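The values are calculated or read from the model by the stated rules, or taken from the named source; none is laboratory data. Worth saying up front: this structure is predicted, and the values here are computed from it rather than measured. Virtual Cβ from ideal backbone geometry, glycine too; neighbours counted across all protein chains shown.
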Amino acid sequence: ELNTLTGTTIDTELGLYNTAGTLVLDNDDVGNGPLQSQLNFPSGLAEGFYFLAVGSYDTQFDLDFRVVLGGVGGSYTLTHPNGLETGFLSVGGLDWYRLEVGNPVGGGGSSSIQITSISYDEERNEFTVAWDATIPGPFLIELGTATDLAAISADVNILPEVVAAGITESPVTVPVPAGLVNERQLFLRVYEDSL
């Protein structure tokens, strides 16, 4: 279950996508009561990576990671199986989270780098990302499109734009490269910098 029922001050909407950009499930309001959102998975989800978009009322979730942005901004708390994440949506804003179900990449265990928050400043074209890691670093930050993300495999395990390298502390703010500024969706990854 994923929801925004606790500590949320705005009318939220949630949309969950698989790695192919297919909308798996979305929700505006839970039942007859609150204006917050909830996604339930009574049969569970297939093993793999998923991308969760959190928006405010009137956000429209379409195919291929396309999202028509909603309205009013404000603070929210996302409840997920591993805990809580707090965030703040700007007017017409959207926050993305990457979720891992099972062990889709093999090898056992969880990832050594976990993104804990990410936000986008539309006026400055910048992302601010924070993470926890069980490895000391340094780290690099990559950006790419949905097509780039879908192309990641065991042989090609990169997003094409490295926007920061040699990073040793979290959080960090990174600019969106000029070639990606007009892209509708971008994906960000924090990765171990092998120098």
Legend entry - Which numbered condition Phe139 misses (of (1) modelled with pLDDT under 90; (2) crowded, with 16+ Cβ neighbours inside 10 Å; (3) of a type outside the set (Asp, Glu)): (1)
Legend entry - Single residue of Gly31, Gly74 found to be touching a residue at least 40 places away in the same chain (Cβ under 8 Å) and assigned by TED's automatic domain parsing to the domain that holds Thr8: Gly74
Inset, instruction - Go over the candidates Gly83, Gly102, Gly92 one by one and state the one that is without any contact (Cβ under 8 Å) to a residue 12 or more places away in the chain, out of contact with any Phe, Trp or Tyr (no Cβ under 9 Å at 6 or more places or on another chain) and assigned by TED's automatic domain parsing to the domain that holds Gln38. - result: Gly83
Legend entry - Any chance Gly179 is outside the structural domain of Thr4 (by TED's automatic domain parsing), over 30 Å from Leu63 (Cβ atoms) and either modelled with pLDDT of 85 or more or not in a strand (DSSP E or B) (or both): no
Legend entry - Candidate set from region 55-97 (those that are among the aliphatic types (A, V, I, L, M) and more than 20 Å from Glu123 (Cβ to Cβ)); member that is modelled with the highest pLDDT: Leu78
Inset, instruction - Examine region 149-172 for a residue that is part of a helix (DSSP H, G or I), touching a residue at least 24 places away in the same chain (Cβ under 8 Å) and more than 23 Å from Phe88 (Cα to Cα), and state whether such a residue exists. - result: yes
Inset, instruction - Please tell me if Glu47 is at pLDDT below 85, closer than 22 Å to Asp11 by Cβ, acidic (Asp, Glu) and more than 14 Å from the chain's Cα centre (by Cα). - result: no
